[in-house]
Amino acid sequence: MSGRTRHIVTSIAVGALVGGAGLSSPLFGADPPAPGGSLRQVDTAHEGLAADIDEILADSRLDGAQAAVVVRDAETGETVYEHEPDQRFMPASNAKLLTSAVALDVLGPEHTFTTTVATTGRRSGTVLRGDLHLRGGGDPTMLAEDYAALAEQVADAGVRTIVGDVVADDSRYDDVRLGNDWNWNDEPYYYAAPVSALTVAPNTDYDAGTVIVDVDPAAEPGARPDVTVVPETDSVTVVNEATTAPAGDGSGIRVGREHGTDVITVTGSIAVDAGGSRDWVSVWEPTEYAADVFVRQLRRNGVRVLGGAAEGVTPDGARRIAAHESMPLRELMVPFMKLSNNGHAEVLIKEMGRVVAGEGSWDAGLDVLRDELATGYGLDVDTMSNRDGSGLSRRNLIPPEQIATLLEEVQDRPWFDEWHESLPIAGESERMVGGTLRSRMDGTAADGNVHAKTGTLTGATALSGYVTDADGRRLIFSVMFNDYLSDKPSDLEDRIAVRLAEYSQDAATLRRPAAEVPAVDLPGNVECSWVKAC
């Protein structure tokens with residue numbers, strides 16, 4: 001790995017040009033120069049920490065890769081360590097740090113999403129003659145039971161028969177479902193689910209725009225396994241090509257969705273004595289999915305729909321019959337940030353565009369994001385590329401120093417404490433506390449200490465957030481690795497975070513043994529939460 005490393009001086013700055021591996025200097029003592037040999041400024045107050053981070057970055061897995069580290073004092077803004085701070089990196093899900101902070105500023109912590117049911121039809125006793133309009137407000141947390149509650153309100157209003165259609169209205173946002181530059185082969189997976197102002201989440205992780213496919217073995221080998229879709233819906237078609245294998249056998253179950261359709265295919269085999277398998281699959285058309293779920297709930301509440309499900313815009317002057325309001329944004333931050341939910345990020349981008357510019361689109365929302373980053377946080381947006389809100393696009397590019405600046409500036413926001421708690425916390429086993437860090441850095445000085453956002457794509461990993469050092473001082477850090485060919489080197493991120501947690505200015509010039517972190521078996525190319533591995 002080659003690069004430019006600077007250790008910023010807090011008192012006296014000394015520069016030295018060092019060339020060639022293995023050269024030493026009175027400035028460095030026995031420590032080697034920065035990888036590649038470059039101009040370094042050494043702050044003797046932090047030289048032990050600097051040398052230890054340099055050693056971590058010298059890992060062979062980073063040979064030919066890009067690496068950056070920024071460490072700052074959270075209170076004073078003093079830079080404690082820098083390596084390639086102003087180079088652009090794919091941030092992966094570290095982009096959610098920007099999206100979440102700006103959304104809390106622009107929309108407010110108490111912002112909610114409202115789903116309504118309205119009509120312009122005429123009532124004749126228990127009969128409604130006209131269409132029933134289901135209008136989406138962008139809520140990514142709508143569950144089947146929430147649609148059931150809407151249906152119950154319709155029934156409680158005295159409606160028993162609808163002589164018309166249920167018209168699904170997703171016009172709050174545009175009809176562009178997938179984000180800029182998302183890879184086509186991510187499409188069936190729930191972490192790349194389509195975005196709509198009207199959608200359904202199958203669970204309380206709020207994985208909107210997806211269904212859960214459960215596969216259980218049949219009673220006898222050779223028979224088709226039982227396949228169940230949660231929630232129940234006719235908006236997807238399941239083709240079951242799988243088989244039940246003899247006890248102790250089976251190749252595994254594979255679940256996929258055909259491009260551009262809502263046809264889900266189940267293949268492979270499952271042993272007759274095996275436990276069931278569970279997969280999350282994105283739908284192709286979330287608005288149709290929501291309409292189907294709502295119609296089913298109407299029928300369960302004794303309301304007949306003589307027409308069918310359609311799509312359209314709610315007429316002006318339509319009378320509201322029912323409504324559901326989401327949790328406030330400050331509460332949504334927990335599943336959003338802990339589990340790195342891409343759909344939540346993209347809804348917030350479109351919602352900001354709708355609220356500020358009257359246009360629920362990625363273009364409008366990203367303009368709002370960049371304006372607020374520049375004017376509200378002092379970030380240099382000319383140094384970055386923002387293509388979506390989640391970080392799934394590989395054309396997002398952000399220098400780590402800009403991430404560090406946001407982490408510094410956001411501390412003054414009135415909602416900071418709740419936002420800080422929404423970040424994954426190292427070593428905390430409870431899922432909605434530890435999040436994507438729940439199994440990392442367990443038993444170290446970082447355990448329960450590091451609050452940070454993870455980020456993972458193929459060839460890109462990042463960890464940025466806060467850590468309290470051994471002196472009780474809060475540090476800001478941002479670590480980004482791109483273009484490596486190995487498995488994800490997240491253990492190097494963890495070692496840096498642990499070293500920061502152990503850091504004391506009383507022994508600042510001393511080297512420490514390489515920080516030990518527990519080995520964790522995590523998926524290499526996606527966030528662990530995206531495949532329900534954490």
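Annotations for the structure displayed:
- Beta bridges per DSSP with both ends in the chain, % antiparallel, nearest 5: 80 percent
- Relative to the Cα centre, the charge distribution of the chain, modelled as +1 at Lys and Arg Cβ and -1 at Asp and Glu Cβ, gives a dipole magnitude of about 960 debye.
- Considering only beta bridges that DSSP places wholly inside segment 425-534, some 100 percent are antiparallel.
- Sorted peptide list for 134-142, 423-431, 308-316, criterion being average Cβ within 10 angstrom, highest first: 134-142, 423-431, 308-316
- Counted over segment 210-282, the DSSP beta bridges are approximately 70% antiparallel.
- For Ala218 and Leu485, a Förster radius of 35 Å and the Cβ-Cβ distance give a FRET efficiency of 0.20, rounded to the nearest 0.05.
- In this simple spin-label approximation, Ala149 and Thr458 carry label points 7 Å from Cα along the Cα→Cβ vector, and these lie 4.1 nm apart.
- Cβ-derived FRET efficiency at R0 60 Å, Arg122 paired with Thr383, nearest 0.05: 0.50
- 15 Å beta-carbon shell around Ala245, net charge (K/R +1, D/E -1): -4
Bear in mind that the values in this text are calculations on the coordinates, not laboratory data. What you see is a predicted model; the values in this text were computed from it and never measured. FYI the Cβ positions are ideal-geometry reconstructions off the backbone, even for glycines, and counts take in every protein chain you see.
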